[in-house]
1. Out of the DSSP beta bridges found with both residues in the chain, what percent are antiparallel (nearest 5)?
2. Please identify the longest segment of the chain free of exposed GluC sites (Glu not before Pro), where exposed means a DSSP state other than H, G, I, E or B and no more than 13 other Cβ atoms within 10 Å.
3. When only C-alpha pairs under 8 Å and at least 6 residues apart count, what is the relative contact order of the chain, in percent?
4. Among A55, V215, L136, pick out the residue whose Cα is farthest towards the positive end of the charge dipole of the chain, where Lys and Arg carry +1 and Asp and Glu carry -1 on C-beta, about the Cα centre.
5. Report the charge-dipole magnitude of region 132-274 in Debye, nearest 20, computed about the Cα centre from +1 at each Lys and Arg Cβ and -1 at each Asp and Glu Cβ.
6. Quick one: order R72, R229 by neighbouring beta-carbon count within 10 Å, fewest to most.
7. Can you tell me how much longer the chain between V160 and E266 gets when fully stretched, taken as 0.36 nm per residue apart minus their C-alpha distance, in nm with one decimal?
8. Percent relative contact order of region 44-159, based on C-alpha pairs within less than 8 angstrom and at least six residues apart?
Amino acid sequence: MLDCHSVAVEPVTRTFLAAYSGWMTQHELEAQVTTDDQERRVAIVTGGAGALGVAIAHALHRDGLHVVLADRDHDAAAARAAEFTGQAAAVLAEPVDVAQPDSVSALVERVGSAFGRIDVVVNNAAVQRRGDIGDLEIDDWDLAHRVNLRGPMLMCRAVVPYWNKQRSGNVVNIASRVWLSGGPPIYVAAKAGVVGLTRSLATELGPLGVTANAVAPSFVPTNFTRAGRDESSWQDLLDHHRAMSPLGRITEPADIGDAVAFLVSERARAITGEVLHVCCGSQLAPR
Ligand SMILES: NC(=O)c1ccc[n+]([C@@H]2O[C@H](COP(=O)([O-])OP(=O)(O)OC[C@H]3O[C@@H](n4cnc5c(N)ncnc54)[C@H](O)[C@@H]3O)[C@@H](O)[C@H]2O)c1
């Protein structure tokens, strides 16, 4: 049984959700889904239970897309999905471990057979692993590369058949400003790899009408950056990043969501292979 949540949805979407969660057969679904619903684009956001994942999902949902919050922490993703209100499009939670090929294939299979299409993939799931080159743990390196770099590759590989059929689509990979600045080698190498992967996807998938871009945040206040810090060092960190920004402000999750929504919109139709820094200008700072 799949979890699904959408509040204040239109009747057609309710029908759709009923089918998706197994209350209705595929045949009954096909008889009832309207053209409007079939034409609505479908986005998968990995790491959809996290702060940026939720903000990205809100921006895409606001723009009328069905959104799947795909996360290893399925309970959290289901809880976040239940909080969406006020749009016709559906918001669903699905379990996935992006590091595992079978898990990714199963996710894409479930989403594809439920909606009949997959348009947008936002590769946002990641883990942070620190350590200097002299003492980093090999297991940390392997884990971060499996999740942060192999994960986006697996997701895109699994969705290619849909893009091939649809002749359109969008990939947005969430990178990081550190691909430019350097920093802890495990995380930085994986994120620089994400930029390389994005450029490869842009050249390979372009003929299918698929754009591929990276969004590179710098510091955003989330659990990702808050973990393990006491209040005083947290405040110091906020001050440090405010000072780094020419705009004198901290980037918020909604800033990232809006940038992703732009990159998958018709307005960005001529943009592919790009890295969009969304960090209030902090990419201009040396470190
Ligand atoms: N927060 C920042 O300052 C910042 C800065 C630059 C880049 N980023 C990038 O933004 C993205 C989101 O960061 P966030 O701050 O929202 O982090 P977060 O920790 O709030 O969210 C990350 C989510 O990814 C999920 N996840 C981890 N491993 C997974 C796996 N194997 N399979 C599926 N899901 C998995 C987690 O359960 C979590 O819900 C990451 O790619 C991160 O590298 C964040």
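None of the figures in this text is laboratory data; all of them are computed from the coordinates on show. Note that the coordinates shown come from a computational prediction; the quantities given were computed from them, not determined experimentally. Glycine also receives a Cβ, built like all others from the backbone with ideal geometry; neighbour counts cover every protein chain displayed.
1. The antiparallel fraction comes to roughly 5 percent.
2. Here the longest segment lacking exposed loop sites spans 138-287.
3. 18 percent.
4. V215
5. Rounded to the nearest 20 debye, it is 840 debye.
6. Fewest-to-most ranking of R72, R229: R229, R72.
7. Length difference between fully extended and current span is 36.1 nm.
8. This gives 26 percent for region 44-159.
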